[in-house]
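Below is one structure, written out as structure tokens; comments come after it.
The values are calculated or read from the model by the stated rules, or taken from the named source; none is laboratory data. All of these numbers come straight from a predicted model, not from anything done at the bench. When we count neighbours, we look across all protein chains shown, and the Cβ atoms used for this are built from the backbone with ideal geometry, even at glycine. What goes into the accessible areas is simple: the full protein's heavy atoms, side chains included, and nothing from ligands, DNA or RNA. Shrake-Rupley method; radii C 1.70, N 1.55, O 1.52, S 1.80 Å.
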Amino acid sequence: MEWFIENAWLAVALPFLMAVPTWLLGQRAKWLAPVLAATGPLLLCLVGFTAIATHGDGSHAGASVSWIPGTIDISAGWMIDGLTAIMFAVVGVVALMVVVFSIGYMHGDKGWARYFMLLSLFTGSMSLLVAADSLLILFVGWELVGACSYLLIGFWFEKPSAAAAAVKAFLVTRIGDAGLLLGLALLWREVGSFRFADIFDAVAAMPGGTLTAVALLLFMGAAGKSAQFPLHIWLPDAMEGPTPVSALIHAATMVAAGVFLIARMWPVFEASQAALVVILAIGALTALASASIALVQRDIKKVLAYSTISQLGFMFAALGAGAWGIAMFHLVTHAAFKALLFLGSGSVIHGSGTQDMHKMGGLRRVMPITAATWILGAGALAGVPPLAGFFSKDEVLHAVWGASPVAGIALGLASLMTAFYITRATCLTFFGKYRGDGHPHESDYTMTVPLMVLGIGALGLGFTGHLVAEVLGTHAESLDPVTAVLSTMIALVGIGAAWWIYREDVTADQLLQTRAGRLWDAASGGYGADTVADRMVVRPVMVGARALYERFERTIVDGAVEGFGRGVSVVGRTLASLQNGDGQWYGAMLGASVVIMLAIVWSYDAINLWAVEVISWIGG
């Protein structure tokens, strides 16, 4: 078993290596492509679970080599500790289930080989991010993950909406990455090293203002990757990618990278109370606002997208409350039940041919396995005991309430909305009468087996809180009875209200929309976040860019280059006109040239003599 730990770097290298033959084989890799793509996640699972079993005592393993030798020596290396082990297990299991699910979901797609190659590249990039022993290597994995996300969101690039969503995700997350890069630069100036161990040793000697600046810059990168306000606007559009991609990237792994970053750099954040307050406020606001937006969405994937943003807000609120171990526990449980819900939505879309819940209904009768596993995931998301989300969400609520009652109330309201919107989605999709035009059917075993495996996680992971805390080296929290009772009541009220309203028909949406009026429309449009971004950022940038192009680029830069070219042309035409073939004209020019040259020589000697005399006079 120790072999897997000592050679854990293979878990990073193997997915990259498997991407090469997958791409080269192309369409010939009909069944070999998913097999190759699954090898990386399998090794991640082996390393992750082995590390959890053998490194729960806080010990480390790893190695590094000199990457950029010289006066400034920068190393590249990997390490396996409790945090890495947890993330390896999460990424490995979810990626493996996504690969298996994709065999059925992507069947017949002309980009079959390219799809599985990108899954392999993403798995390798994510494993590099979590196994890095320094911020610089983490940043390399961070950017590779972003590039893979861009390629997978825009996988069906022939669709203008998919191409636009990929560009939007790439640009918005780059805003956060700019903050992360500045944070790295500031740490280098203060510490002179990117290694985590060196940074943590230097924290005590760093000025408080510098620590706060570093923490906020790192949080900026985390907020971009984990879709926190105001950098959340990319995630709903990212649903244009294949649904299994949403399960892998936008539910369980890449969007959790921001939470992982803060957990990894916890000594820096712990030393800055101001930064923690900002993280707590942003997390609570994001959780509440996104939950309210999910209440009114008709697209089943958009409901889950805003739900993901909201649940990530719960994790950031826990981080802001100082409970990074609890945030990681919620990350683990959320990875299982949200990946289950996303894959469940993929099964529904595959079977019904639509993402519009108003055109679904009654699918539990024709898709019993999908319906059963979806309800299991929905219950975990809502916080129904004894499912996984109940335990982790309650610990988050208890920790946040102790840090800030206002933030605790916000998360309580978000929990109520969560129970309501996921029950609404369940009723519109699986209950009532079928409202579509097609002939829905249950998915094949390649899609239902991953649902059942993730369903086991949604059912049982809540009981692993003490194990997660032990592996991470944090204090294990016991379930608070008061919080448990209140959260259960909140969940039951939300579920009961949604069931009473939506149990029969979709017309409740029209009625609520009429009564809510502008509030419904505002929530449906994400409270105008895209409009605000367009007016405050996109349009000013476009106007400024256009002005620079017209007034600087065209007038000065292009004008200088084109003017030089025109000058050369004028000189060339003038000199060319002198070559007219007239011998007398050539003789006259020759004589004039001799006179001019003699005049220049004479003038040079006279000026030189005069200058010598002037210098002698001054010196005398």
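The slack between residue 510 and residue 607, meaning 0.36 nm per residue of separation minus the straight C-alpha distance, is 25.3 nm.
What percent do you get for the relative contact order of the chain when only Cα pairs under 8 Å and 6+ apart count? Contact order relative to length: 12 percent.
Dipole size of the chain about its Cα centre, with +1 on Lys/Arg Cβ and -1 on Asp/Glu Cβ: approximately 1800 debye, rounded to the nearest 20. Of the residues 508, 527, 496, the one whose Cα sits farthest towards the positive end of the charge dipole of region 463-559 is 527 (charges of +1 on Lys and Arg Cβ, -1 on Asp and Glu Cβ, taken about the Cα centre).
Relative to the longest principal axis of the C-alpha atoms of the chain, give the angle of the C-alpha long axis of helix 324-352, reported between 0 and 90° and rounded to the nearest 10°. Between helix and principal axis, roughly 80 degrees. Here region 151-235 yields Rg over Rh of 1.16, to two decimals, using C-alpha coordinates and the Kirkwood radius.
Legend: calculated FRET efficiency, residue 298 to residue 566, from the Cβ-Cβ distance at R0 = 56 Å, rounded to 0.05, equals 0.40. Carbon-plus-sulfur accessible fraction, the chain (probe radius 1.4 Å, protein heavy atoms only): 70%.
Per residue, the convex hull around the alpha carbon atoms of region 406-473 comes to 149 Å³.
Could you order 302, 110 so the one with the most accessible surface comes first? Probe is 1.4 Å.
On the way: 302 60, 110 155 Å².
So the residues, ranked largest to smallest area, are 110, 302.
On a per residue basis, region 526-620 carries 84 Å² of accessible surface, using protein heavy atoms and a 1.4 Å probe.
Compute the longest continuous run of the chain that contains no exposed GluC sites (Glu not before Pro); treat a site as exposed when its DSSP state is not H, G, I, E or B and it has at most 14 other Cβ atoms within 10 Å. That gives 159-503 as the longest site-free run.
Calculate the FRET efficiency for residue 541 and residue 579 from the Cβ-Cβ distance with a Förster distance of 51 Å, rounded to the nearest 0.05.
It comes out at approximately 0.45.
Helix 507-516 and the longest principal axis of the Cα set of the chain meet at an angle near 60°.
Kindly provide the trypsin sites (Lys or Arg not before Pro) of region 378-472 that DSSP labels as loop, not H, G, I, E or B, and whose Cβ sees at most 15 other Cβ atoms within 10 Å.
433
Our summary gives region 263-313 a relative contact order of 36 percent, counting only alpha carbon pairs under 8 angstrom and 6 or more residues apart.
Give me the base-10 log of I(q)/I(0) for region 355-428 at each q in 0.21 Å⁻¹, Debye formula, one uniform scatterer per Cα, rounded to two decimals. Here log10 of I(q) over I(0) equals -0.90.
Taking one quarter of the surface of the C-alpha convex hull of region 305-385 gives a mean projected area of 5.7 nm².
Which FRET efficiency value, to the nearest 0.05, do you get for residue 66 and residue 178 by plugging their Cβ-Cβ distance into 1/(1 + (r/R0)^6) with R0 = 45 Å? According to the calculation, E is roughly 0.95.
Label separation (residue 596 vs residue 554): 4.0 nm, computed from points 7 Å beyond Cα along the C-beta direction. Think of it as helices only: each DSSP H run of n ≥ 4 in the chain is worth -39500 (n - 2.57), and spread over all residues that comes to -24000 deg cm²/dmol at 222 nm. For residue 80, nonlocal amide neighbours, meaning residues 5 or more places apart or on other chains whose placed amide H falls under 5 Å from its own, are 61, 62. Per-residue 3J(HN,Hα) values for region 572-578, derived from phi via the Karplus relation 6.51 cos²θ - 1.76 cosθ + 1.60 with θ = phi - 60°, read x, 5, 5, 5, 5, 5, 6 Hz in sequence order (x marks Gly and Pro).
On C-alpha positions alone, give me the angle between the axis of helix 368-382 and the longest principal axis of the chain, in degrees, nearest 10. It is inclined by approximately 80 degrees.
Heavy-atom accessible area for residue 463, with the other protein chains in place and a 1.4 Å probe, reaches approximately 140 Å². Kirkwood radius and radius of gyration were both taken over the C-alpha atoms of region 499-620, and their ratio Rg/Rh is 1.63. Convex hull volume per residue, computed on the Cα atoms of region 166-314, equals 95 Å³.
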